[in-house]
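Please read the structure below before turning to the comments.
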Amino acid sequence: MCAAMMLSRLVRYFLAPIPWPAVAVGLCVLMHLCASSGGAAFGQAVGAEPPVQVPGFWDPRRRPERPDLGRVVGIRFLTEIDYPPFNFAGPDGNPQGFNVDLARMMCEELKLACTIQMRRFETLLAALNENRGDGVIASIAVTPEMRAKVDFTDPYYRTPGRFVARRDSPIDNPLPEKLEGKTVAVVAGTAHEAYLKALFTEVELRPYPNPEVARLALRQGDVDLLFGDAVSLAFWLNGTDSANCCAFRGGPYMDSRYFGEGVGIAVKKGNETIRLALNWALFRVWEQGHFTDLWLRYFPVSPF
């Protein structure tokens, strides 16, 4: 599909004279977008209006084998206390959220008894390495620094970068050659600012001190676009603070050099039994469509 996109754009370039430096940058970004998906596949939820993109990071042609769990009697999950909607305490004090529901689905697939304990985020890895839990499912990004401390399952979601525009904006597909002179809000010092500086060289960046101020600038029409973390932007767009002002345009942008390798479940170094078991369970949850159901429940406006 990416090759077809680039061919289509080349045809358009030949039919309409555009400065060749802009063409080169545009093709560069297209190739970044196509090549940096990290193996993610995207599908549209049937019957969703408008269609909701549901990511999938599992290849049906590489179906993992169910590991031997003869010595495993249960899995003790650890999660964070307050990071809604991924993990938080419900009205009854019990764990709730996307991560919690996903953990329970995996336990059902594994047919194992599981517990889910909430702890402060900064204590999670220490508790894992002290054998107080078997897996940490708390939206921990997979980074080289984290890999030095723990092992990870396959990623089950990522946090791409995306553009947001006001609903009345004529910008439908924010490629570099279309954005010359346009103002784009970003949060200062972030990977999103660095990405635009590297690949969208013709835009006028407007750095803001935090996401709230950057979103307000877009909502008030002070900038043409906003570029940032698609997960947090999805919740903003679906919430009352946005006043239904804006919508995603283009993307997602998933270059791992800027936006990371994704989010996985952390297990203690060398605990291959649990890691492989969770990988198998994640695949099964996705294969049976339960991951799509869960995604739609928490992401009516998809980051993808």
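The values are calculated or read from the model by the stated rules, or taken from the named source; none is laboratory data. As the structure is a prediction and not an experimental result, all values here were calculated from the model. Cβ placement follows ideal geometry from the backbone for every residue including glycine, while neighbour counts extend to all protein chains displayed. Accessible surface areas use protein heavy atoms only, side chains included; no ligands, DNA or RNA. Shrake-Rupley method; radii C 1.70, N 1.55, O 1.52, S 1.80 Å.
Structure notes:
- Length gained on full extension, A247 to N131: 37.3 nm, using 0.36 nm per residue less the C-alpha separation.
- Segment I81-T183, length gained on full extension (0.36 nm per residue, minus Cα span): 32.9 nm
- Straight-line cross-link reach from K268 at under 28 Å between alpha-carbon atoms covers these lysines, not counting any fewer than eight positions away in the same chain: K111, K149.
- In this structure, the amide hydrogen of Y157, modeled 1.01 Å from its nitrogen in the peptide plane, lies closer than 5 angstrom to those of V263, counting only residues at least 5 positions away or on a different chain.
- Per-residue SASA entry for Y298, accessible area with 1.4 Å probe, Å² rounded to 10: 40
- In order through segment 90-97: 3J(HN,Hα) via Karplus (6.51 cos²θ - 1.76 cosθ + 1.60), integer Hz, x for Gly, Pro: x, x, 8, x, 7, x, 9, x
- As a length-normalised measure over Cα pairs under 8 Å and 6 or more apart, the relative contact order of segment 110-231 settles at 27 percent.
- Per atom type, segment 182-269 shows carbon and sulfur on 47% of its accessible surface, probed at 1.4 Å.
- Per residue, segment 125-195 exposes 39 Å² of solvent-accessible protein surface, assessed with a 1.4 angstrom probe and all protein chains in place.
- Taking label points 7 Å from Cα along the Cα-to-Cβ direction, T123 and E287 give a separation of 3.8 nm.
- Pairwise label distance in nanometres, A89 with R147, each label 7 Å out on the Cα-Cβ vector: 3.6
- Candidate lysines - alpha carbon under 16 Å from K178, same-chain residues fewer than 8 apart omitted: K197
- Annotation: extensible slack from T273 through D59 equals 74.9 nm (criterion: 0.36 nm per residue apart, minus Cα-Cα distance).
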